[in-house]
Each structure stands twice: as C-alpha cells, then as structure tokens.
Amino acid sequence: MKTVYLDNNATSQVAPEVLEAMLPYFRDLYGNPSSMHTFGGQVAQSVAEGREQLAELLGASPDEILFTSCGSESDNTALLSAVRSQPEKRHIITTRVEHPAILAPCQNLEREGYRVTYLGVDSRGRLNLDEYAEALDDDTAIVSVMTANNETGNIYPIAKLAEMAREKGALFHTDAVQAVGKVDMRLHDMPVDFLSLSGHKLHAPKGIGALYIRKGVRFRPFLRGGHQERGRRAGTENVPYIVGLGVAAQLARRNMQCEQVEVAALRDRLEQGLLAAVPDCMVNGDVENRLPNTSNIAFRNVEGEAILLLLDRLGICASSGSACTSGSLEPSHVLRAMGVPFNYAHGSVRLSLSRYTTREEVDYVVREFPGVIAQLRAISPFK
Ligand code: PLP
C-alpha cells in the first residue's frame, strides 16, 4: 500500500538534493571544523556556506545565525538568554497556543519566581492586541509569540507585535519552526531579536536547528564548553546536517513563491472536498491568515484518534488535535484555548501538505475520508 503523507507539520521528508549534499560529509569530509589542518579547514568552509544559505532565506547576516540541535533547543536558548541577560526584569509574555518548547520553559521560570502572562486567543485562534498592549510593561524581559501555529497553521502579526515590544524596551522572540520555508521572512525589516527554526520541518534532517540572534542583542549561552559558534554554543558542529540545512534553505528560497500557490491550491482542494463530502464538520483556525500547507478540520461526534487509526489502514498519515493526558483523551491545549466545542475538538484532524504532495494523493484522501467518518459515526457513543 502506498503511503500518503499528510503530516508535514510533524516532520518532513528529507529532500533528495539535501541528502546528496550531506553524504560526502559522512564518507570523506569528516574533519573537525575547529582543526588547524587543511582537511578540517575545508569543512569549516562548508559550515560557513550553510550559514550563509540560511541567512539568505531569513534576510539576515550569517553572523546572526547560531546552529543548534533542534527547534526546542533554540526556543529554550532564546528565553533563557533574555532573562539571564536582564536580571532586573521579571516578566515574560507569551501565548496559550505556543508549542511546549516555549510553554514548558516558561512554566519552569514561573517556578523560579518569574511572572508569565499567557495571552488568550479568540475562537479562530487570533490574539487581541489590546490585551497584549496592556500586558507589556517596563518589567517585561521578553515576549515570545510563534510566527505560525503548528496545529491550525494560524499566522500571527509578528512585525506589529515585535514593534510594540520594542517600544516598551522588551526583547522579542518568535518560534518560526513551522513558518520558515513556507512563508517569507525578512528579518532585517522587523524588530525581531530572536527567531527559532528547525531543519526537519523544511526538508532537512531531524536534529538540526538554528537560532537567529539580532546583531547587538546581549546573549548568554545555554551550552558552555568549547568555543564553537563564536563562543555562543559549545559542541563540535554537526557538519553534515548544517550542510543539509543550508541546501534545504536554498531550495525553500527557490521554491517558496511557487509552493505558496501550488501547495495552497492542493490544500484548498483537499479541504473543500472534505467539507463538501462530510456533513457536520468545520475548519479550525483563521482561514484568511494561515500557512499554505495546513488544514485543521473538526468532525463532530467522532474521536480524532479513531479517525487516525482508520486513515492509517488506508495508508494516510495525519495528526489529531487530541493528546493522551493521564489516560484520557484531552483536546489539545490549542483547541481548548480557542474554545472549540468539546464534541468538535475531539474529532479534529490536522492535514499538512508539502511540495511532494500530489493531486492524486489529495483526491484519494477526499474519496476515502467520508467513509471513515460515516463508519465511526455509526458506532459513536456521542449522538
Ligand atoms: N515549535 C513548534 C511550533 C513546533 O511545531 C515544533 C515541532 O513540532 C517545535 C517548536 C520543536 O521543534 P523540534 O522538534 O525541532 O525540537
């Protein structure tokens, strides 16, 4: 059975060009970029090239890029650097719909005595700018708001939010793990101080990420030891993966405009096909302002996990909007923050496409999905 992979917000396929570019660094070019000899030096050159390619995608300078191991490390590093470098400030602002890579360190900082404001969202997942303006004060060390939400695909007005933070003298971080490679990032046009990204969401491998740190922003390392990354992160560089991330960034830059149209058209075909074929369902999130590849659909009176199981039998990979918390299925924190009614939130499924998704795959899903929902509704305990 063929796999139809519609779970690209969980992770994405490594692009063939990325794999090809990485292979020599496992086989032949295994030097350490910190070594004095020519063998290591040529590898240091490849790391520098990867940094330039990524900086180009972000509209940043290469020396503003710090390579990390993943998006979670970038998120933790940004938050901790901001609070440790401004010990006089004790307030953090974030949102209720962030990824756990932001929420968990914020909760930890609360245990250390920091005050954290978690901004709420409306039923479509949008922030209220008045509530944000009220929360900002002279004690705010950092604001962290994601560029795009991993579950709904909602895009947040980062430029405006960053401007408001700067006016109050607060640093601004954005978790752009889901956005980089899918939407344009012109960092030098926005007062963003930190930005996190992760390779495996843009067709590079898992285990490589990066943090953009605006020139001039005070920085405190998270990992201490050797002098790699100009003393900002200890640990021998993951050369093959840095090379891979650089090539993935180059491909994203080249393909982005075309993908924004083509992937969005396929996503819309899928979404409209499902909305037309299945009764009692609705789209979660802000349809006018979301990633081109993401659709989150709530099917009334069915269990999301059961939908995933039946889809899996058809070779279709997707994600649900529920997570198993202490033995029971709870709608995700994002859908709860949006106040999605329980009998819809439970049956929410996220479908996320990529440049590798085909029209045939989309049509297959639209053909098979209604039968899955009908089958589950026939045996549903909720009526
Ligand atoms: N932030 C967001 C919005 C994400 O979607 C993810 C991963 O799903 C992460 C952070 C964590 O990234 P990583 O898996 O590279 O640690």
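Nearest 5 is fine: what % of DSSP beta bridges in the chain come out antiparallel, could you say?
Counting DSSP beta bridges with both partners in the chain, the antiparallel share is about 60 percent.
Using a Gaussian network for the chain with springs between C-alpha atoms less than 10 Å apart, which of these wobbles most: D139, D75, D130?
D130
Among T38, T294, T77, determine the one that fluctuates most according to a GNM of the chain built with springs between C-alpha atoms less than 10 Å apart.
T38
Percent of Cα-Cα pairs more than 29 Å apart in the range 39-191, please.
Details: 2179 of 11628 pairs.
Of all Cα-Cα pairs in the range 39-191, 19 percent lie more than 29 Å apart.
Calculate the dipole size of the range 239-324 relative to its Cα centre from +1 charges on Lys and Arg beta carbons and -1 charges on Asp and Glu beta carbons; express the result in debye to the nearest 20.
Values: 7 positive and 10 negative charges, 60 e Å.
The calculation lands at about 280 debye.
As an exercise, use a Förster radius of 25 Å and the Cβ-Cβ distance of D28 and K2 to find the FRET efficiency, rounded to the nearest 0.05. Please list the in-between numbers first.
Numbers: r = 35 Å, r/R0 = 1.41.
The value I calculate is 0.10.
For the range 189-322, evaluate the Debye formula with one uniform point scatterer on each Cα (no solvent term) and list log10 I(q)/I(0) at q = 0.09, 0.11, 0.19, 0.21 Å⁻¹, rounded to two decimals.
Here log10 of I(q) over I(0) equals -0.45, -0.65, -1.19, -1.31.
Can you give the convex hull volume per residue for the Cα atoms of the range 250-383, as a whole number of Å³?
Details: hull volume 16.9 nm³, N = 134.
Output value, Cα hull per residue: 126 Å³.
Go through 348-356, 39-47, 100-108 and give me the packing order, highest mean Cβ count within 10 Å leading.
So the peptides 348-356, 39-47, 100-108, ranked by packing, come out 348-356, 100-108, 39-47.
Please name which of V145, P105, L127 has its Cα lying farthest along the dipole of the range 84-168 towards the positive end, using unit charges on Cβ (Lys, Arg +1; Asp, Glu -1) and the Cα centre as origin.
P105
Compute, for the chain, the length of the dipole vector about the Cα centre, with Cβ point charges of +1 (Lys, Arg) and -1 (Asp, Glu) only. Units Debye, rounded to 20.
Approximately 380 debye in magnitude.
Taking the range 244-310, which GluC sites (Glu not before Pro) meet the DSSP loop condition and have no more than 15 other C-beta atoms within 10 Å? Walk me through the intermediate numbers first.
Values: sites: E259, E262, E271, E288, E303, E305; in loops: E288, E303.
For GluC sites (Glu not before Pro) across the range 244-310 that sit outside H, G, I, E and B with at most 15 neighbouring Cβ atoms in 10 Å, the list reads E288.
For the range 138-266, with only Lys/Arg (+1) and Asp/Glu (-1) charged at the beta-carbon, what is the dipole magnitude about the Cα centre, in debye rounded to 20?
Charge dipole, the range 138-266, about its Cα centre: 500 debye, nearest 20.
Could you give the distance between the Cα centres of the range 233-255 and the range 83-111, to the whole Å?
Using only Cα atoms to place each centre, the spacing works out to 28 Å.
Hey, what does the equivalent ellipsoid look like for the chain, semi-axes from the Cα gyration tensor as sqrt of 5 times each eigenvalue, largest first, whole Å?
Here the semi-axes work out to 35, 27, 17 Å.
So what's the projected area for the range 24-77, the Cα convex hull averaged over all directions, in nm²?
Numbers: hull surface 18.3 nm².
One quarter of the hull surface, i.e. the mean projection, equals 4.6 nm².
Each value in this text was obtained by applying a stated rule to the coordinates, not by laboratory testing. Computed from a predicted model, the values in this text were never measured in an experiment. Quick reminder, even Gly has a Cβ in these numbers, built from the backbone with ideal geometry, and neighbours come from all protein chains shown.
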